[in-house]
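Scroll down for the structure; my scribbles are underneath it.
The values are calculated or read from the model by the stated rules, or taken from the named source; none is laboratory data. Predicted model, so just to flag it, every value in this text is computed and none were measured. Cβ sites come from the backbone with ideal geometry, for glycine too, and all protein chains shown count toward neighbours.
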Amino acid sequence: MTNTVMDVVDLSKRYALHHRQRPDSLKSWLSNLAWGATSTSRDAKGDEEFWALRDVSLQLHQGECLALIGKNGSGKSTLLKILSRIIPPTAGHIVVRGRVASLLEIGTGFHPDLTGRENIFLNGAMLGCPSRTIRQRLDSIVGFSGVERFLDTPVKRYSSGMYVRLAYAVAAHVDADILVIDEVLAVGDADFQRQCYGHLESQFGRGVSGIIVSHSVDVVRRLASHIAWMDGGRLRDHGGIGSGILEQYENSHSGERDSP
Amino acid sequence: MNPGDKHLDPRRQDVPGDEHGGFPGRPSPASELPALPPSRLIDASAPSLRGYWHELFAFREVAYMLIRRDLIVRFRQTYFGLAWLLFKPLMLMAVMSFAFGYLAGFQERQSAPYPLMIFCGVIPWYFVSNAVPDGMVSLRVHIFVIQQTYFPRALIPIAAVFVDAIEFVVAWLLFVMGCIWFAYLPGWQVLAFPLFGLQLLVLCTALGLWLAVLNVRFRDIGNLIPFLITVGFFLTPVGYPYAAVPEQWQPLYALNPLVGVIEGFRWSLLRGLNGFPLGAVASSVAITIAVTLLAVRHLLATDRHLVDLA
């Protein structure tokens with residue numbers, strides 16, 4: 001029996017859409033306090049609910065790589081943010097076993113004014129890796145990232161490709177048990193992508209698990225062992241890479257494109 | 001399942017399409033897989049104080065690095081470097097000695113050298129007037145970091161206030177130099193000095209933390225606080241002694257928690273000047289505790305929602 005590293009149970013995330021453009025002000029907060037109104041009563045006042053995620057249940061086992069596929073706005077990034085603990089769910093829960101290292105969007109917590117070197121340590125600390133360990137692995141991180149020349153340059157002067165190289169290099173060296181990667185690698189050039197995919201494959205072989213978001217079917221096919229198809233905040237289908245979901249997804253895609 | 005339900009039932013064996021073991025090309029997970037740490041629950045509930053404290057400790061290196069960076073940025077490319085730390089409070093003292101001691105004539109009534117009395121007000125005031133706004137803006141300034149990684153959000157305002165606290169501690173060198181200049185030696189009361197210092201640190205950290213969290217959501221705070229600090233200067237005994245306040249106004253005046261701290265510094269460093277300000281110290285300690293409790297409560301309730309609120 002394999003170890004479950006991540007168990008997502010009935011996970012939901014609700015947002016309130018404010019149709020009137022009204023900033024969240026101290027005044028409205030105070031009047032809410034004064035009249036005993038709660039945030040739910042505001043929904044009644046004409047603000048619309050939006051469920052970015054609705055009752056999503058998934059499991060991830062050790063050594064697996066789950067690819068989330070789906071259109072923009074289907075809830076993939078919301079799911080990744082919740083399991084990276086950046087935002088809380090509205091309902092449901094996740095049980096996580098192991099350290100999660102996330103690469104969400106570009107930047108992944110880099111501080112623009114700090115140099116590459118300083119950011120390696122800061123980012124490492126944010127990913128729960130002590131600076132002692134980072135110091136030992138600094139050469140390896142720098143080597144992987146290929147930004148040696150710019151190590152003492154503030155990262156705000158980095159190109160987006162350099163940014164993501166460094167971010168990936170740090171995340172690859174913090175002994176994470178679960179790697180969460182949101183499409184960011186697409187920014188890197190072909191060589192770097194190849195390097196990352198090779199690295200990821202070796203990690204999955206060693207018992208590291210992964211959750212990736214990718215719009216590239218080729219990348220999914222190469223890396224993923226499992227697929228979860230998200231649609232409108234719900235899990236439309238999920239299963240192994242061989243279960244035909246990916247093909248179905250591709251077909252639905254091209255079908256849409258063909259229709260006028 | 002309820003949002004706050006911590007109960008972990010053995011669940012969901014019935015998820016479709018989740019059968020395992022048969023994917024060709026995948027190394028089948030074997031017993032030599034790395035051992036996993038104990039599980040963590042992510043749900044809608046707010047963290048407990050104890051859990052949050054553990055996380056603060058676990059991620060303390062993030063705070064070290066933010067502090068280090070702030071110190072470097074503050075003094076990098078400055079010609080006078082660390083001298084700025086002492087120069088600003090020194091100038092404030094000189095101006096206030098002139099305005100309050102000489103022009104307003106408070107000087108004659110004091111048993112201790114007037115500049116030393118002013119230092120006891122200027123040094124803490126300078127700290128508060130920097131630390132509170134620095135703490136307040138810190139989360140908003142770092143929002144892009146918060147949006148991309150998790151660590152206890154409180155580390156950011158704590159680090160911001162801590163940098164000012166380092167300046168605060170160093171600034172007391174001015175008082176020491178003043179003592180040498182005036183050949184003045186404090187009495188036994190100096191033993192209480194660290195306690196008042198600690199209280200001020202707690203107060204500023206709590207205020208910075210609370211305002212930082214509020215400022216993410218309510219931009220009004222960013223307008224209010226600088227104004228309050230400008231007004232507060234005149235309602236704090238920085239340049240004049242507490243005793244100058246008419247007696248019937250003193251209880252109201254002492255609701256400003258800085259009154260008790262500053263008078264406490266004067267009592268402890270200036271040989272019990274004006275007697276122990278019991279009323280002001282009691283009110284100040286009570287307000288410090290209340291602010292700290294409220295700040296922690298609000299932080300625990302809001303920490304995880306900050307990104308959604310921003």
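Taken over region B:97-144, residues that are more than 23 Å from B:CYS179 (Cα to Cα) and touching a helix residue (DSSP H, G or I) at 6+ places or on another chain (Cβ under 8 Å) amount to 15.
Only residues that are more than 14 Å from chain A (Cβ to nearest Cβ), of a type outside the set (D, E, K, R) and not in a helix (DSSP H, G or I) were counted in region B:261-310, giving 7. Considering B:VAL95, B:VAL122, B:VAL145, the condition of being modelled with pLDDT of 90 or more, in a helix (DSSP H, G or I) and among the β-branched types (Val, Ile, Thr) is satisfied by B:VAL122 alone.
Among residues of region A:76-88 being more than 10 Å from A:ALA52 (Cα to Cα) and in contact (Cβ under 8 Å) with a residue 24 or more places away in the chain, the one that is surrounded by the fewest Cβ atoms within 10 Å (Cβ to Cβ) is A:ILE87. Checked against the criteria, B:ALA46 counts as at pLDDT below 90, surrounded by 12 or more Cβ atoms within 10 Å (Cβ to Cβ), part of a loop (DSSP other than H, G, I, E, B) and more than 8 Å from chain A (Cβ to nearest Cβ). Meeting the requirement of 2 or more residues that are away from chain B (no Cβ under 11 Å) and under 30 Å from A:ALA16 (Cα atoms), the strands (runs of 3 or more DSSP E) wholly within region A:45-156 are A:48-61, A:65-69. Scanning region B:233-260 for residues that are surrounded by 15 or more Cβ atoms within 10 Å (Cβ to Cβ), of a type outside the set (A, V, I, L, M, F, W, C) and part of a helix (DSSP H, G or I) turns up B:TYR242, B:GLN250, B:TYR253, B:PRO257, B:GLY260. Of all the residues in region A:202-223, those that are within 10 Å of another protein chain (Cβ to nearest Cβ) and either in a loop (DSSP other than H, G, I, E, B) or among the basic types (Lys, Arg) (or both) number 3. Which of the residues spanning region B:49-63 are within 8 Å of chain A (Cβ to nearest Cβ) and free of Cβ contacts under 8 Å to residues at least 60 places away in the same chain? Hits for region B:49-63 are B:ALA58, B:GLU61.
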